[in-house]
Amino acid sequence: MKANVLWGRLDTTAVAGMAVFASLALVLAAVSQALGLNFPLVPYLQFDVGEVAILLAFFIFGPVPALAASTVEFAGLMVFGQQIPIGPLLKLFSLFSTVFGLWVGAAIASRAGWSGLGRLVGSSSGFGLAFRAAIMTIPNYYVLVFLGELGYAESVAKIPFSWLGITLTNSNALAVILAFTAVFNVLQLLFVMAVTYSILRVPSVSQLRVGGKTPWFAQLTRRGAPPGTPS
C-alpha cells in the first residue's frame, strides 16, 4: 500500500498546494467576517466560507496535507484573526476534528469498495459531522465554564432563543448553548461540504493532473482502490 494513498500526497506539489489553500482559507475567512455571517441563535458564532479551501485540500491532496493547511491557517489567524488566541484555537480544533472525521469516513468508503464521488462524500460527511459536533463540545465547555464566558453567551443568546420559546436560565443556559453550538457546527460543515461537493463534481476536477498525479479523491473512488486511511 503506497504512503501517498495512506496519508495523502507529501511531495513538493502538495506542499505548494497546501500553502495556496491555506492562503485561500484566510482570505475567505476574512470575507466571511466582513459579511457578518453570524448564526442567528448564538450570534458570536460565525459561518466561515474559508473551510471550503481546507476541504478541497483534503479531497485533492489528502488528510495530512489538509491537516498541515489547517495549521498554516491557524498561524495566520493568530496574526490577523480576531479574539486571539481563543478564536484561532477553536478554529484549529474544529478543522482537525473535521478532517479526522472525514478521514475515517473516506477509509470506510474505500474499504467497502464503494465507487463514486457521492458515496465517498456521503460517508466522509457523516463521520465529519459526528466528530466535529462531539469533539468541539469539549473546548466550548472549557471556554464557557472555565474562562467565564457563559454569562456573555447567555446575554447575547437570550433574545434569539426567546423567539423559539426557549427561556435561558442559570440551570439550563450551559446545556442549551452547547447543544445549539453543536447544531451550528453541523450546519457549518453541511454548508461548506455542499459547496465543496459541487466543485468536486465538475468533471475537469477529477481529471486534473497535479504534479502528474490524479487528485486523492479520484484514487479512492476508483473501484478497488486501496484504503485511504491507516488501519
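We did not get these values from a lab; they are worked out from the coordinates using the rules stated. None of these values were measured; they are calculated from a predicted model. Here Cβ is always computed from backbone atoms with ideal geometry, including for glycine, and neighbour counts include all displayed protein chains.
Put +1 on the Cβ of each Lys and Arg and -1 on the Cβ of each Asp and Glu in the chain; which of VAL79, LEU174, ALA66 then has its Cα farthest toward the positive end of the dipole?
Farthest along the dipole direction, towards plus: ALA66.
Between THR13 and ARG201, what is the FRET efficiency for a Förster distance of 25 Å, r being their Cβ-Cβ separation, to the nearest 0.05?
Step by step, r from the Cβ atoms, then E = 0.60.
May I ask for the angle, rounded to the nearest 10°, between helix 12-35 and the longest principal axis of the chain, with both axes built from Cα atoms and the value confined to 0 to 90°?
30
Please compute the net charge surrounding ALA194, taking Lys and Arg as +1 and Asp and Glu as -1 over other residues with Cβ under 13 Å from its Cβ.
Around ALA194, the surrounding residues sum to 0.
How much length is gained if the chain between PHE146 and ALA134 is pulled fully straight, taking 0.36 nm per residue apart and subtracting their Cα-Cα distance, in nm to one decimal?
The span from PHE146 to ALA134 would gain 2.4 nm if fully extended.
Based on the Cβ-Cβ distance from LEU208 to VAL156, what FRET efficiency comes out when R0 is 45 Å, to the nearest 0.05?
The value I calculate is 0.55.
Charges at C-beta only: +1 for Lys and Arg, -1 for Asp and Glu. How large is the resulting dipole of the chain about its Cα centre, in Debye rounded to 20? Mind showing how you got there, number by number?
Working: 12 positive and 6 negative charges, 189 e Å.
With only Lys, Arg, Asp and Glu charged at Cβ, the dipole is about 900 debye.
When the convex hull of the C-alpha atoms of region 61-174 is computed, what volume per residue in Å³ does it have?
143
Across the Cα atoms of region 10-124, what radius of gyration and what greatest pairwise Cα-Cα distance (Dmax) are found, in Å?
14.9, 44
Percent relative contact order of region 3-221, based on C-alpha pairs within less than 8 angstrom and at least six residues apart?
24
Taking the Cα atoms of region 3-221, what is the range of coordinates along each of the three principal axes, in descending order and whole Å?
Computed over the Cα atoms, the extents are 57, 38, 28 Å.
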